[in-house]
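The values are calculated or read from the model by the stated rules, or taken from the named source; none is laboratory data. Being a predicted model, the structure only gives us computed values, none of them experimental. So basically every Cβ, Gly included, is an ideal-geometry build from the backbone, and we count neighbours across all protein chains shown.
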Amino acid sequence: MVGAPEFQVTLLRTLRLANDELLLVWREESLEAARLLAATVNVSQPPLHALESPRLLATGTMVGPPTMLADGAGALIGWSERGAGNESVRLVRLIAGAAVAPGWPANGAALCAGPVGFDAPAILADGDGGATVAWVDRRLDDDGDIFAQRVAAAGSRHASWPEQGFAVCVASGEQFAPALAPDGNGGAIVTWVDTANQPAGGSLLLAGQSVIRPQLIETSIDPGRVRFTWSVDRKTPATYRAYRIEEGGELRELATLIPDGRGQIAMEDAQAPEGREVGYSLSVSIGEEERFLTPIRVQVPVTPLELALQRAWSPPGSDVIRIEFALPRGPAPRLELIDVAGRRVASRTLAEYLPGQRSAEIRPASGTRTGVYFVRLTQGSRTLSRKVVLVR
């Protein structure tokens, strides 16, 4: 691409500060890069105006979702980022006007360097302008471990803490969804979800019983909608629960799943946040004992803003025309095949298609000749067309 990449806002967070300011932190992404920006507006002096000259907090090839925490008259912002061949977790303190607090680096204090998870980190303010931060770290293995770092009020690492963070839990299996709580003595209690005690192989040991581990057999991901299907052991009276991992690391229970007659359970999240990497976890329990399977992480696509006909072709040896297109929300689209004289030789309505990146086929009548045609895709008042050569 030539020139500046085109950025789109994919995530927005807001936090009311103590001085009648509303802090906005948002992520913008393009095909090549991502960045994190911040600005404030005064909510006591309407009308509100468009934001001008926002503060750039981070830029790189990937920026994770931020965590925001009010801290006195300011706020602590934490995030993960990838750029220039490295990854890190960062923390910054913003004060009035989205200014960086004195002593803090403009691009945030680096809490570690190395492969990290791109979930939002957990933050606990210490009451003196500093904080403890916990995150998922992947420097030792791809499964993920829990690390933490203590940052002083001036944005520097606490002198007694390791430069690359303190290893809270390094174990087999996956550790994820860290959360922090004060211990009453100026420190922090760290909790997380841990799969280290799940036995290897195809079974789980629960309440003295061996339960066949659920097997993921189908995944469906659309803008704002994620669906998983597992096969399970119908002979064991286990309870299955599906959770979504929220940005702060908390587990939000979506549903209790009941096996059908085929021994399958299905989870559907019809409110999956678009444009985000989202984690899901399935738990299996017997009685009061509950075990979590390794989380599934998916990138939820964004609903296209406008109709786009991206590709049209005729596979050699077939008698169909195939297209790839971006479908926004709106009326059902219509697909037509037009010859060079302007006559319609085939058509179909794509009423069953949901918004998102889609593909479809149209089959000309058996007597349609090989040659040049035009594919026409219409949704509402918008019509797009592409030339295609039909090869039989």
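Given the criteria under 32 Å from the mean Cα position of the chain (by Cα), outside the structural domain of residue 222 (by TED's automatic domain parsing) and assigned to a loop (DSSP other than H, G, I, E, B), does residue 351 qualify? Taking the combined requirement at face value, the residue satisfies it.
Checking each residue in segment 266-298 for being hydrophobic (A, V, I, L, M, F, W, C) and closer than 22 Å to residue 173 by Cβ picks out 267, 278, 282, 284, 286, 292, 293, 296, 298. As for segment 223-240, it holds at least one residue that is over 30 Å from residue 62 (Cα atoms) and of a type in the set (Asp, Glu).
Filter segment 142-156 down to the residues that are at pLDDT 90 or above, surrounded by 14 or more Cβ atoms within 10 Å (Cβ to Cβ) and under 17 Å from residue 126 (Cα atoms) and list them by number. Hits for segment 142-156 are 148, 149, 150, 151, 152, 155. The strands (runs of 3 or more DSSP E) found entirely in segment 273-342 that carry 1 or more residues being of a type in the set (Lys, Arg) and surrounded by fewer than 18 Cβ atoms within 10 Å (Cβ to Cβ) are 296-299, 308-313, 321-327, 334-339.
Residue-by-condition table, conditions (1) polar (S, T, N, Q); (2) in contact (Cβ under 8 Å) with a residue 24 or more places away in the chain:
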residue	(1), (2)
263	no, yes
270	no, yes
275	no, yes
284	no, yes
289	no, yes
294	yes, yes
305	no, no
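Taking segment 220-253 as the range and being free of Cβ contacts under 8 Å to residues at least 60 places away in the same chain, crowded, with 19+ Cβ neighbours inside 10 Å and closer than 30 Å to residue 8 by Cα as the test, the residues that pass are 243, 244. Given the criteria outside the structural domain of residue 119 (by TED's automatic domain parsing) and within 23 Å of residue 119 (Cβ to Cβ), does residue 281 qualify? Against the criterion (outside the structural domain of residue 119 (by TED's automatic domain parsing) and within 23 Å of residue 119 (Cβ to Cβ)), residue 281 qualifies.
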